Each structure stands twice: as C-alpha cells, then as structure tokens.
C-alpha cells in the first residue's frame, strides 16, 4: 500500500518500475520489491506498507539497502525515504531482516504495541503472529536490544527473546528450525498439533476447526512448503490424526 492509499497487487505485474512517489520509485525485480531513492530534492517522507496474504511470501529491499523477507499473513510498514536521524519500521506476522549497517542512523523495529527491537547487528527473525502463545525474536548474527514494556535484554547470536506475560531468553535455539520457512520448509520438530495447524492455516489459507478436544500429539521432521495441502495431511495422518476439508475449513476430527 502506498502513502496515498493506492494498493498495488504485485503478482499481476512484470519486472520494472511499479510506483513512483515524489523523488522515489519502487521497482519489481524477479519477485522482490526494490526501492530507489532520488537526489534528495523531494523533502517529503511517505509511508508504504508491504503485506502478504495467506499462502504467500515476499522480499523487499528497503531504501537503505536492508533486505526484508515476509512470511505468509505478515506486513512491514516503512518510510520512503528514511529520515536522516533514524530508520524505523513496523511489523506484524513473521519477518526476517538483514540490516545494512549505518552507525549514524539506528535501525528500530516496532512490533505493534508489545515490543521494540533496536538493531545493533544484522540478521534476525521476528515471529509476532498474535495467535501464537508468545512473541519471539531470534538473533542469527550481530546483536539486537529487545525491549518489552517493562524489561529489555541484549541478545547474542543463537539466543531467542520470548515475550508473553514476561520476558524470557532461551539460549542455543535451533536456528535451522526458526529459518525453515525461509528455506521453503515446514519444521515441525517438537510441535504440538495446534501449533502445526496454525502454520498450515496461514500457508494454505484455511480456517482450522476442531471437532472435540485438540489431540495431544507432537510432530517431528520437515516437510516441503510447496507440496499440496492433501500431501501434508497425508503425512500428518501417520500420527493417527484424521481430517476433513469443507470449503475453506480444515476440520480436525476426534
């Protein structure tokens, strides 16, 4: 979404300039959106929003060169161009960042009204889906300062901040599990059925309905995110879980 309210569906466009606002332009380049800033003659700062629907991913290169990957049902809002004194974006859903260093302009990520991340390094993943039990920020490289409403912590590579009722830090997380979505995979290692189903609902754009109690079962292993929903359900049925599809509803049977 552009600052003037226009919405552009990028799937329907070919490579090239897709939008121009003032002295800045956005170019579609083989499935990613790249911003190009002008000479600075246009003093205005405008806000754009990139939003992915269920079942889609997308990559954006921000005006400062930082790269952002959005998982399904996610969004990032950012100024075009960034002001001279800071770089601040807002996110929802699940978003992975590779931030271009710029000591003169700190990079900050606002996660709705729950937390803010100040970037001291470069590579990190944020999972902020509101239907999940906690907000999670995982650091892969460099350093970030994670601020909740009452607590804050500086993360080291391999650490994950988890914010629910309180802020906790987990060491030595399996980053390959965290980044599975970026590599085209579902990673269900140690996940309960309800956690698995939330991922499937977002990716295949289905409403999850349980008939009776949620079965108590854990799953392990990887699955390709590009297989059909029927193929994924067939794999899950090996755990003696049965499903039925009715329109846009995926029903878990007792």
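Just so it is clear, none of the values below were taken in a lab; they were calculated from the coordinates. Since the structure is predicted, the reported quantities are computational estimates derived from the model, not experimental observations. Note that we place each Cβ from the backbone using ideal geometry, even for glycine, and neighbour counts take in every protein chain shown.
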(request) Classify region 184-252 as rounded, prolate or oblate, taking a ≥ b ≥ c as the square roots of the eigenvalues of its Cα gyration tensor: rounded when a/c is under 1.5, otherwise prolate if a/b is larger than b/c and oblate if not. (result) oblate
(request) For residue 133 and residue 164, calculate 0.36 nm times their separation in residues minus their Cα-Cα distance, and state this gained length in nm to one decimal. (result) 10.5 nm
(request) For each of 141, 118, count neighbouring Cβ atoms within 10 Å of the residue's Cβ, then give the residues from fewest to most. (result) 141, 118
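Between residue 239 and residue 209, what length comes free when the chain is fully extended (0.36 nm per residue of separation minus the Cα-Cα distance, one decimal in nm)? Don't jump to the answer; show the numbers that get you there.
On the way: separation 30, 0.36 × 30 = 10.80 nm, distance 1.82 nm.
Gain on stretching residue 239 to residue 209: 9.0 nm.
Using the count of nearby Cβ atoms within 10 Å as a rough guide to exposure, how do 232, 95, 144 rank from fewest to most? Before the final figure, lay out each step's value.
Numbers: 232 21, 95 24, 144 28.
By the 10 Å Cβ count, ascending, the order reads 232, 95, 144.
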(request) Between residue 174 and residue 102, with labels modelled 7 Å along Cα→Cβ, what's the label distance in nm to one decimal, could you check? (result) 3.7
(message) Helix-only estimate, please: 222 nm mean residue ellipticity of the chain, summing -39500 (n - 2.57) across DSSP H runs of length 4 or more and dividing by its residues, to the nearest 500.
(response) -2500 deg cm²/dmol
(request) Note the listed values (i) -0.52, -0.80, -1.27; (ii) -0.44, -0.77, -1.41; (iii) -0.40, -0.70, -1.36, then indicate which one is log10 I(q)/I(0) by the Debye sum over Cα atoms at q = 0.09, 0.12, 0.18 Å⁻¹ calculated from this particular structure. (result) (ii)
(request) Give the angle, between 0 and 90 degrees and rounded to the nearest 10, that separates the Cα long axis of helix 193-204 from the longest principal axis of the Cα atoms of the chain. (result) 50
